[in-house]
Amino acid sequence: MNSPRIVFMGTPDFAVQSLSRLVEEGFNVVGVVTMPDKPIGRHHDVLQSSPVKKFAQEKGIPVLQPEKLRDEAFLAELKALKPDLQIVVAFRMLPQVVWALPPLGTFNLHAALLPQYRGAAPINWAIINGDSETGITTFFLDEQIDTGRIILQERIPIAIDDCAEDVHDKLMVRGAELVVKTVRLIESGEAKATDQSLFMTDEPLRPAPKIFKDTCQIRWSEHTLQSAYNFIRGLSPYPAAWTPVLANGKETEMKVFKASMLPSERGEKEGSCLVPLPGGYLSLDEVQIAGKKRMPIADLLRGTNLKFESNP
């Protein structure tokens, strides 16, 4: 068959890598669907385009930015592109009227080994839960979130010191290659989609719900040394784990971007901050409090009297 007409749907940098690889490989990307421009600035009077939109415009690819995916005007524009195949990478949940449109279907790139970690934040939750392995999955969309038939999967290790950004970048690159491989299989008619029930194991499914500010608070009493360490790196650098503190007597919040585990206090150095936890001591290494930039804890402590609001 001729090269399928592809409509790509995505928003952040994670999605740009896949779109870029499709363009490099010469696939027929006839349109891009991304989020509307985001108001920024003090008065919200400046509009910021998504990374996917910026890339598409540089390459001369038509861009659609619907407020609502069921909007008749948007659906008419999408149908006018006559897509044979749609690819979703880090976008929104699609209604059936959208994902069922192309004859070759719509597939999604998910940053986890489905059926585990269905949801919006699979990278974060895999690290928070202390997993040593994650992966990427391409699957055809259906009515439910992240439940469609699996096309391809690839396993990727998580190093003990990897943070969310490290794993994000690994999956972004490897995921783009899996997208290209998946399109080639679909193009050749050799794609075999497998029901997710055949990937089930005896392990209970772990969800990956959206992360909010309250999710990111370090509740020290609920943690061991290892779980606190995993929690911090699983949210670093964004949105970042945080804890309430007193800085020079004022209540504020301190984000923790990097920490390390110590078996005892004997590794303590001047200008360090150790939190005693079951299993040892957690050294808070890189932090940020309101009004200051991210910095090593030693730099913060030079000019700040820092105390936790309650004992961890």
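The values are calculated or read from the model by the stated rules, or taken from the named source; none is laboratory data. Only a predicted model underlies this, so the values are computations on that prediction, with no experimental measurement involved. Neighbour counts run over all protein chains shown; Cβ positions are idealised from the backbone, glycine included.
Observations on the model:
- Matching option when the condition is surrounded by 15 or more Cβ atoms within 10 Å (Cβ to Cβ) and either at pLDDT 95 or above or at negative phi (or both), among 174, 184, 266: 174
- Residue 94 free of Cβ contacts under 8 Å to residues at least 60 places away in the same chain, assigned to a loop (DSSP other than H, G, I, E, B) and among the aliphatic types (A, V, I, L, M): no
- Residue check for residue 118: assigned to a loop (DSSP other than H, G, I, E, B) and either in contact (Cβ under 8 Å) with a residue 40 or more places away in the chain or buried (at least 22 other Cβ atoms within 10 Å of the Cβ) (or both): yes
- Residues being under 30 Å from residue 218 (Cα atoms) and either outside any loop (DSSP other than H, G, I, E, B) or over 17 Å from the mean Cα position of the chain (by Cα) (or both) - total across the stretch 133-147: 4
- Among residues of the stretch 14-40 being in a loop (DSSP other than H, G, I, E, B) and touching a residue at least 60 places away in the same chain (Cβ under 8 Å), the one that is farthest from residue 178 (Cα to Cα) is 27.
- Pairs with Cβ under 8 Å, 6+ apart, first in the stretch 210-225 and at pLDDT 95 or above, second assigned to a helix (DSSP H, G or I): 211/124; 218/228; 218/231; 218/232; 220/228; 223/231
- Checking residue 67 against (1) farther than 26 Å from residue 151 by Cβ; (2) crowded, with 17+ Cβ neighbours inside 10 Å, the condition it does not meet: (2)
- Any hit, the stretch 125-140, residues being within 20 Å of residue 64 (Cα to Cα), in contact with a Phe, Trp or Tyr (Cβ under 9 Å, 6 or more places away or on another chain) and of a type in the set (Val, Ile, Thr): no
- Residues that are under 12 Å from the mean Cα position of the chain (by Cα) and free of Cβ contacts under 8 Å to residues at least 24 places away in the same chain, drawn from the stretch 158-175: 166, 169, 170
- Restricting 237, 244, 207 to residues that are touching a helix residue (DSSP H, G or I) at 6+ places or on another chain (Cβ under 6 Å) and either in a helix (DSSP H, G or I) or touching a residue at least 60 places away in the same chain (Cβ under 8 Å) (or both) narrows the list to 237.
- A Cβ distance below 6 Å, combined with a sequence gap of six or more or placement on separate chains, defines the contacts here; from the stretch 41-53, residues that are part of a loop (DSSP other than H, G, I, E, B) reach residues that are of a type outside the set (S, T, N, Q) in the pairs 49/37; 50/35.
- Unmet requirement for residue 241, which otherwise passes all of (1) out of contact with any Phe, Trp or Tyr (no Cβ under 8 Å at 6 or more places or on another chain); (2) of a type in the set (A, V, I, L, M); (3) not assigned by TED's automatic domain parsing to the domain that holds residue 113: (1)
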